[in-house]
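Chemist: Below are the structure tokens for one structure; questions will follow.
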Amino acid sequence: MQHVFSFFRFVRKAGYWLFLLFILCELSACFHPRKPPALSGRCINDVITRMSDVMVHDITNPPLAARFFSYSCLAGYEIVSQNNKRYPSMHGLLNGYPAIRKPDSIAHADYRLAALLAMLQTAGKMQPSGGQLHAWEEKLLDSCREAGFDEETLADSRRYAQAISRGLLAYAKADGYNKISNLARYTPHRGDQYWFPTPPAFIAAVEPYFSTVRPFTLEAAGQFKPVPPTLYDPKRGSPFFALFDGVYREGIAAKADHRSIAAFWDCNPFAVQDEGHLQYGFKKISPGAHWLGITGIACEKAGKDFDASMLVHTVVAVGLMDAFLCCWDEKFRSNRVRPETVIRRCIDPAWTPLLQTPPFPEYLSGHSVISAASATILTHYLGEQFSYIDSVEVDYGLPPRRFSSFQQAAAEAGISRFYGGIHFMDAVNNGLQQGKLVGEWVLQKVNAKAKL
């Protein structure tokens, strides 16, 4: 019994010291509040995903999507560059990029949080349904509160983001895109060799004047003008006949692995399906959104911190914009007819491609151009043999695919357009070449020596 009482006396005594230790810890927390965790690069990809969701809702065309992504990423990167000397400002590197001053009275801002908020606020102002991003911004702030951010930090971070976003929106407004709506309505050229709207929706040409927009790094949209497309000649035995006959035979063969590749890289926000007298749209992301998704996957696998991830996302986004400008410049110069039109006219009136033909001219293959540009940039930052699993399309009902390098992915994205029946092979091959040149040029211009 004596031993029992001794045990309880020990417990009471120990309890006293434990209680005292608890009080001291609480007092210490009052004077030394817990430091909130640093935001990770994954948060950038979350913002990109939310932006893409809005673009799917708005049926945003691929070049315009690249414009939204690029300015939003630049807003985030501007804040990183103002707070981390390893990452230079884009002032003096991009065409017309302004010197944006860091605002006063933001002493308590968390610059990484401010970067995310600047991305959201820029996208919210530029995208037609960008107001949908406001709810996600509030959710982000609530998550930060739960993680330990105080109200002063949240308020200063938001003010910081608003100031930088205003600077980027002014820069975007000056790129000339808003003048396109004042130009004459585009009329398809007359002649069998030229592009004409295709079924099932016969949508008018998308962004025929996009090449008039100010590029970020290019001297002009036509800087990397490709060789001319194969001369139009539908006679059997001609080089052009071999091109469209190759597309036709690929469609007849319909190999399972080729069909899977075509579906994975479809990324056509204009896809529709006839149902009686109605047409239904499919929810699909743009090619640029797919490659920014790859960027997020790769940065996370490589263990890149927030600042490094922000740089890579931004340079990829800038590359997407300039790649689309180059490609669209050629599309509406050569204005070449699509395989679907030629094959129906010359071989089989009932033929349809595996993928729906996008509403713009055929040469060059846009996906080939932007994929090669993105792969070139990602290879520079993350390495030649960087293997990864691309799960970007899982939310759209497609299984992930494994790649041993970004170049392998770009090559597959290019050939997918041939497998899908929407491009000739010279548009794919020359598109990949143009994209590589754009990617290398972008890296040279943005001072890719920034340390990761």
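Chemist: Applying the selection to the stretch 308-354, what residues are over 30 Å from Tyr71 (Cα atoms) and either modelled with pLDDT under 95 or outside any helix (DSSP H, G or I) (or both)?
Modeler: Taking the stretch 308-354 first, the residues over 30 Å from Tyr71 (Cα atoms) are 336-354.
Once the filter is applied, which keeps residues that are over 30 Å from Tyr71 (Cα atoms) and either modelled with pLDDT under 95 or outside any helix (DSSP H, G or I) (or both), the stretch 308-354 yields Arg336, Val337, Arg338, Ile347, Asp348, Pro349, Ala350, Trp351, Thr352, Pro353, Leu354.
Chemist: Do you know which residues across the stretch 188-219 are touching a Leu at 6+ places or on another chain (Cβ under 9 Å) and not charged (D, E, K, R)?
Modeler: Once the filter is applied, which keeps residues that are touching a Leu at 6+ places or on another chain (Cβ under 9 Å) and not charged (D, E, K, R), the stretch 188-219 yields Gln193, Val206, Pro208, Tyr209, Phe210, Ser211, Thr212, Val213, Pro215, Phe216, Thr217, Leu218.
Chemist: Does any residue of the stretch 357-372 turn out to be in the same structural domain as Phe196 (by TED's automatic domain parsing) and surrounded by fewer than 24 Cβ atoms within 10 Å (Cβ to Cβ)?
Modeler: Within the stretch 357-372, one or more residues are in the same structural domain as Phe196 (by TED's automatic domain parsing) and surrounded by fewer than 24 Cβ atoms within 10 Å (Cβ to Cβ).
Chemist: Something else now. Being over 26 Å from Leu320 (Cα atoms), surrounded by fewer than 18 Cβ atoms within 10 Å (Cβ to Cβ), at pLDDT 95 or above and out of contact with any strand residue (DSSP E or B) (no Cβ under 6 Å at 6 or more places or on another chain), is that true of even one residue in the stretch 87-99? Quick ask: steps written out before the conclusion?
Modeler: Filtering the stretch 87-99 for residues over 26 Å from Leu320 (Cα atoms) gives none.
No; the residues of the stretch 87-99 include none that is over 26 Å from Leu320 (Cα atoms), surrounded by fewer than 18 Cβ atoms within 10 Å (Cβ to Cβ), at pLDDT 95 or above and out of contact with any strand residue (DSSP E or B) (no Cβ under 6 Å at 6 or more places or on another chain).
Chemist: Given the criteria under 23 Å from Asn429 (Cα atoms), at pLDDT below 95 and outside any loop (DSSP other than H, G, I, E, B), does Ile261 qualify? First the steps, then the outcome.
Modeler: Details: under 23 Å from Asn429 (Cα atoms): yes; at pLDDT below 95: no; outside any loop (DSSP other than H, G, I, E, B): yes.
In short, no.
Chemist: Within the stretch 105-124, can one find any residue that is among the polar types (S, T, N, Q), surrounded by fewer than 21 Cβ atoms within 10 Å (Cβ to Cβ), in contact (Cβ under 8 Å) with a residue 40 or more places away in the chain and closer than 20 Å to Met310 by Cβ?
Modeler: Within the stretch 105-124, not a single residue is among the polar types (S, T, N, Q), surrounded by fewer than 21 Cβ atoms within 10 Å (Cβ to Cβ), in contact (Cβ under 8 Å) with a residue 40 or more places away in the chain and closer than 20 Å to Met310 by Cβ.
Chemist: To continue, here is another question. Report, by residue number, each residue of the stretch 43-57 that is in contact with a Ser or Thr (Cβ under 7 Å, 6 or more places away or on another chain) and modelled with pLDDT of 95 or more.
Modeler: Correct list: Ile44, Met51, Val54, Met55.
Chemist: Restricting to the stretch 300-315, what's the tally of residues that are touching a Phe, Trp or Tyr at 6+ places or on another chain (Cβ under 9 Å) and charged (D, E, K, R)? Step through it out loud before you land on a result.
Modeler: Initially, the stretch 300-315 is screened for residues touching a Phe, Trp or Tyr at 6+ places or on another chain (Cβ under 9 Å), giving 301-302, 304, 307-308, 310-315.
With charged (D, E, K, R) added as a condition, the list becomes 301, 304, 307.
Total satisfying the criteria: 3.
Chemist: Looking at (1) outside any helix (DSSP H, G or I); (2) closer than 30 Å to Arg214 by Cα, which one does Ser374 not meet, given that it meets all the others?
Modeler: All conditions pass for Ser374, except number (1).
Chemist: On to the next question. Mind checking which pairs have a first residue in the stretch 53-79 that is part of a loop (DSSP other than H, G, I, E, B) and a second that is crowded, with 24+ Cβ neighbours inside 10 Å and among the hydroxyl-bearing types (Ser, Thr, Tyr), Cβ under 7 Å, 6 or more apart or different chains?
Modeler: What qualifies is Thr60/Ser286.
The values are calculated or read from the model by the stated rules, or taken from the named source; none is laboratory data. Because the structure is a prediction, the values reported are computed rather than measured. Cβ sites come from the backbone with ideal geometry, for glycine too, and all protein chains shown count toward neighbours.
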